[in-house]
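The values are calculated or read from the model by the stated rules, or taken from the named source; none is laboratory data. Since this is a predicted model, take the numbers as computed values, not measurements. Here the Cβ positions follow ideal geometry from the backbone for every residue, glycine too, while neighbour counts run over all protein chains shown. Note: areas computed on protein heavy atoms with side chains; ligands, DNA, RNA excluded. Shrake-Rupley method; radii C 1.70, N 1.55, O 1.52, S 1.80 Å.
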Amino acid sequence: MYKTTDGGQTWNRVLFVNDNTGAIDLLADPSNPNILFAAAWERTRRAWNFSEGGPGSGIYKSTDAGQTWALISGGKSGFPDGEGIGRIGLAMTQADGQTLLYAVLDNQTPRPKKEKEKKDDVLTKDDLRTMSKENFLKLDAKKVQAYLDNNGFPKKYTAEKVQKMVKQDKIQPLALVEYIEDANTLLFDTEVTGAEVYVSRDGGQSWAKTHEGYLDDLFYTYGYYFAQIRVAPQSQGQKLYTMGVPVLRSEDAGKTWKSINGENVHVDHHALWVSPSRPGHLILGNDGGVNISFDDGEHWIKCNTPPVGQFYAVAVDMSEPYNVFGGLQDNGVWRGPSTYKADVGWHNNGRYPYQFVLGGDGMQVAVDTRDNNTIYTGYQFGNYFRFDLAMDSSFSITPRHELGERPLRWNWQTPIHLSVHNPDILYMGSNKLHRSFNQGRSFEAISGDLTTGGKKGDVAFSTLTSIHESPLKFGLLYCGSDDGLAHVTQDGGNTWTNISKGLPENMWVSRVQASAHEQGRVYLSLNGYRWDHFEPFVYVSEDYGQTWTRIGRDLPLEPVNVVREDPVNPDLLYVGTDHGLYASLDRGQTFMALHKNLPNTPVHDLVVHPKAKEIVVGTHGRSIFKASVKELQQLDAEILAKPLALFDIPSTRYNGGWGATRGAWGELRQPEVLIPVYAKESGKATLKVLAGDNILLYEWSADLKKGLNYLPYSLEWNERVKGAYEKYLNDKKKPDADPIALEKAKNGKWYLRKGGYVLKVEAGGSKVEGKLVVE
């Protein structure tokens, strides 16, 4: 912990426990600002293991405004200590002149073993963990079959077959436990003490637990994600709130608890404001956004504006207009039209354009564009499904290891890839690459372990993170892993080559992308933040990964999450980092920021729609953005060499209501078209709009910046050419059409009528012209 006495100009460290312990909470005694309480939390996080607690965790007190600190937990204080002590949250209030200090603890200490009441005919995982071969073979076949049925074993594993495998020493009884345990189930099934709430009434000298027994189904094994507590200021210390998977309220100083997780309230709670003046007024932050209550959590309002979705992955289909798919952190998988722009107008009709597909932590999406209804997606740790959106049906497709084999290791965000050569072929990555020829109905492993082999820990590690098949050659496949390996096969998985030589070791392969323009070209990005490396690691190979060249050396110090090659322009690359989006026009030699209207936020995925010529960007914190790359794709060497270039101008649909409002209070409707212009150098430009060859309707000047410019034009024209323009329009109309009489709009401006016009741009002695159309 650090303290400043000059407004942040300088800082002094006032509390240090050890290298793995940090301060996680801090309170000041409202009756005496010199008295402070702090919670320290010891934890060690690696990509393969999370030690959620340790002896460095504890509660500290200062009586001299934070200059010195004393440990007030552990020992004989009544507050636990030891290896299992995890995150601690603090709250304080005054009650009848007495200071009450509350603490919620994530206690990772294993629960004591207890005798479980169970029927003799029920076989459990705990039985099998320590059961010998001999005792297993004595079990009644019905008891074994019941265990297999209750735990979802494939039908091919019957009691008779399993007992035969044990008898032949092909498996041990423990294999029947390992087969059904994965990283997802271990989050919930591992029994630790979990959440505990304590109170001190004497300034931290002694502590007492407020409740009896366990607060089950609150923290599970991941209380580090929560461990916060609040006290209602007006309640004399009686009303408490603590946050975990649900949010709980106590009205008797923590003796008993009640869930106030409403029907429109997401789970996993991380922030709670309790009004200091209005009882029952709460503002709650969770994995689903923000909720507000005015009656102490009995009812909630959902207040998710602005959009703050955390997208892991995005995808598109080939519908017209196309749809966007995305997987979000703990908010499932959604799909919606690309034409939707975020607003709250749908609150009136109840028809939100985006539709829910799947729950959990939404992951990658692959779309079969033959029908745009068949998609593959799933949730964390490789739980994937094939969906028929038209029929609203789904089918589990996750490959399983054979009984007795080492369990497959699945990344939190398991990679999938649908072959562009045959969309019936789906690839899926565990620590091996799996291939299905029949839309996921069955898989075969087409590789051995493509990782370093795993490390002991409680987090899935040594897993594949990225898969890509060359759009130019079937069976040319690349894979990258979270432990820094990259592999290639050029024969559909018969032989594999490690192509990691020349790359920084141990980094997370965040993306591998085979070129759509050159068969031997492949791009790869590495993310090193798990090792405190924040360099932008982006590489290209021209020989199938045998040698690598680093690109993007001018990118800022931001870890890279994705690199994509443009489907049209082979020199155009896109890179998404932990702080934004960048593009290169020279295959990675130099990059520039694509940041107009895009927040400075992590970009985790992006896709370029080949037909719509739009880029769709999935951000981890500000939802989904899209932009046109139509002109960007045209910036090839020929265009870049020109002093001035004018691109196709988008047509505009005529509206007789231009220049007027809808009713007395509506917004003024004013047209605008953006003129796309490339300039080799910055300078002043003159733009002219003509009807025919010589009727100058409008002229104006604009500042050009070096590069792409989108110059706004209001579609107005000068009244002094009214006669000539009116004659021109009447000469162009159909013989049987009514005569055209031009009228000024209600805002006093004259707007173009339907037709084609010439637009000329002059700058620096260069001239270009194009066609402007009002439909």
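Observations, loosely collected:
- Taking 0.36 nm per residue of separation and subtracting the Cα-Cα distance, full extension of the segment from ASP424 to ASP543 would add 40.0 nm.
- Whole-Hz Karplus values for the stretch 4-10 come out as 10, 10, 10, x, x, 5, 9 Hz, taken residue by residue from phi with 6.51 cos²θ - 1.76 cosθ + 1.60 and θ = phi - 60°; glycine and proline positions read x.
- The distance linking the stretch 72-110 with the stretch 17-38 is 13 Å (Cα centroid to Cα centroid, whole angstrom).
- Loop trypsin sites (Lys or Arg not before Pro), the stretch 71-166 (other Cβ atoms within 10 Å of the site Cβ: 11 or fewer; DSSP): LYS76, LYS113, LYS114, LYS116, LYS118, LYS119, LYS138, LYS155, LYS156
- Rough spin-label spacing in nm, given labels placed 7 Å along Cα→Cβ, for ASP202 and MET592: 7.0 nm
- The length gained by stretching the chain between ALA741 and SER394 to full extension, at 0.36 nm per residue less their Cα-Cα distance, is 118.9 nm.
- Spacing of the two label points (7 Å from each Cα toward its C-beta) at ASP703 and SER682, in nm: 0.8 nm
- Sequence-separation-based contact order of the stretch 1-64, relative, with Cα cut under 8 Å and 6+ spacing, percent: 25 percent
- Relative contact order computed over the chain (Cα-Cα under 8 Å; 6+ residues apart), in percent: 6 percent
- Dipole magnitude for the stretch 473-602: computed about the Cα centre from +1 point charges on Lys and Arg Cβ and -1 point charges on Asp and Glu Cβ, it is near 140 debye.
- When the chain is described by a simple charge dipole with +1 on each Lys and Arg Cβ and -1 on each Asp and Glu Cβ, the residue from TYR322, SER206, VAL192 located farthest towards its positive end is TYR322.
- In straight-distance terms, cross-link reach from LYS642 covers every one of the aspartates and glutamates whose alpha-carbon lies under 19 Å from its own, apart from those fewer than eight places away in the same chain; here that gives ASP571, ASP586, GLU631, GLU681, ASP703, GLU762, GLU769.
- Accessible surface, the chain, averaged per residue in Å² (probe 1.4 Å): 49 Å²
- Put LEU15, LEU557, LEU284 in order of accessible area, highest first, and with a 1.4 Å probe you get LEU557, LEU15, LEU284.
- Loop-located trypsin sites (Lys or Arg not before Pro) across the stretch 463-546 with a Cβ neighbour count of 16 or fewer within 10 Å are LYS473, LYS501, with loop assigned by DSSP.
- Among (i) -1.04, -1.20; (ii) -0.93, -1.14; (iii) -1.23, -1.36, the entry derived from the coordinates for log10 I(q)/I(0) by the Debye sum over Cα atoms at q = 0.09, 0.10 Å⁻¹: (i)
- Cα gyration tensor, the stretch 600-690 - rounded (a/c under 1.5), prolate or oblate: oblate
- Check: the chain dipole with +1 on Lys, Arg Cβ and -1 on Asp, Glu Cβ, in debye: 1160 debye
- Length-normalised contact order for the stretch 276-317 - Cα pairs under 8 Å, 6+ apart - percent: 27 percent
- Check: the stretch 384-526 dipole with +1 on Lys, Arg Cβ and -1 on Asp, Glu Cβ, in debye: 180 debye
- Each part reduced to its alpha carbon centroid, the stretch 347-374 and the stretch 279-304 end up 27 Å apart.
- Residue among THR451, SER510, PRO353 farthest towards the positive dipole end of the chain, charges placed on Cβ: PRO353
- Looking at the stretch 369-470, the chymotrypsin sites (Phe, Trp or Tyr not before Pro) that sit in a DSSP loop and have at most 16 other Cβ atoms within 10 Å of their own Cβ are PHE437.
- The stretch 545-594 versus the stretch 649-714: alpha-carbon centroid distance in Å: 33 Å
- Cβ-Cβ distance of HIS347 and ASN135, R₀ of 60 Å, FRET efficiency by 1/(1 + (r/R0)^6): the value works out to about 0.45.
- Cα gyration tensor shape for the stretch 487-570, rounded if a/c is under 1.5, else prolate or oblate: oblate
- With the charge dipole of the chain set up from +1 on Lys and Arg Cβ and -1 on Asp and Glu Cβ about the Cα centre, the Cα lying farthest toward the positive end among the listed residues ALA175, PRO279, GLY770 is that of GLY770.
- Between ASP217 and THR305, full extension at 0.36 nm per residue minus the direct alpha carbon distance yields a gain of 28.7 nm.
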